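Below is one structure, written out as structure tokens; comments come after it.
The values are calculated or read from the model by the stated rules, or taken from the named source; none is laboratory data. It should be emphasised that the depicted structure is a prediction, and the values quoted were computed from it without experimental measurement. Cβ sites come from the backbone with ideal geometry, for glycine too, and all protein chains shown count toward neighbours.
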Amino acid sequence: MQMRGWAAFVIVLCLVVTGVRAETQLSDPKPSFDAPRKIMLQLTTGDARQMNSILWNAINLQKFYGIDNVQIAIVAYGAGMKALYAKDSPVADRVRSQLQYGIEYVACGNTMETTHRKASELIPGVTVVTAGIAEIVERKLRGWIYVSP
């Protein structure tokens, strides 16, 4: 009995040391150009470090699925709107770059109204919806996957 415990320990140790990992198995239908995964990320933080983390999540999803096999929308509201204002954003260059790679940025009109901001202040290419939370709800109902990092 004691030998089995030792053998299991050695096997686990070998797996950890060699870096063996399981690959993510894709569910059916497999993502494709005609049937891409549709993923929304929520952006509600004003912290630059956390903003960057969410933007990296989007890139990692594109790398994993392939740029043609995934649609990504980052929906910002509340403090997360700071990322989308051209003059205030600590991540403006990254947002501009990601827009060129097909990542969609969606701004909350309610937050803009409450904070007396205008669409002209946004990074070009960012779309505005009436309510960020309602946009998340409606996209979920249309089959989008919702991730709140």
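For the range 85-95, filtered to residues that are more than 30 Å from S32 (Cβ to Cβ) and touching a residue at least 40 places away in the same chain (Cβ under 8 Å), the residue that is farthest from the chain's Cα centre (by Cα) is P90.
If we keep just the residues of the range 50-106 that are in a helix (DSSP H, G or I) and basic (K, R), which is surrounded by the most Cβ atoms within 10 Å (Cβ to Cβ)? Among them, the one singled out is K82. Evaluate the range 69-87: report whether one residue or more is farther than 24 Å from P124 by Cβ and modelled with pLDDT of 95 or more. Looking through the range 69-87, at least one residue is farther than 24 Å from P124 by Cβ and modelled with pLDDT of 95 or more. In the range 109-135, the residues that are exposed (fewer than 13 other Cβ atoms within 10 Å of the Cβ) form Cβ pairs under 6 Å with partners that are small (G, A, S), at six or more places apart or across chains, as follows: T130/G109. Within the range 115-127, can one find any residue that is part of a helix (DSSP H, G or I), among the hydroxyl-bearing types (S, T, Y) and under 24 Å from D68 (Cβ atoms)? Within the range 115-127 (the criterion being part of a helix (DSSP H, G or I), among the hydroxyl-bearing types (S, T, Y) and under 24 Å from D68 (Cβ atoms)), the answer is no, since none of the residues qualifies. The set of residues in the range 98-124 being within 17 Å of the chain's Cα centre (by Cα) and under 18 Å from L43 (Cα atoms) consists of Q98, L99, G102, I103, E104, Y105, V106, A107, C108. Candidates Q25, Q42: the one that is under 20 Å from P124 (Cα atoms) and not in a helix (DSSP H, G or I) is Q42.
If you go through the range 136-149 and keep only what is over 15 Å from the mean Cα position of the chain (by Cα) and either acidic (D, E) or part of a helix (DSSP H, G or I) (or both), you end up with V137, E138, L141.
One line per residue, one yes/no per condition, for (1) at pLDDT 95 or above; (2) in contact with a Phe, Trp or Tyr (Cβ under 8 Å, 6 or more places away or on another chain); (3) over 29 Å from L26 (Cα atoms):
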| residue | (1), (2), (3) |
| --- | --- |
| M40 | yes, yes, no |
| Q50 | yes, no, no |
| L61 | yes, no, no |
| P90 | yes, no, yes |
| Y105 | yes, no, no |
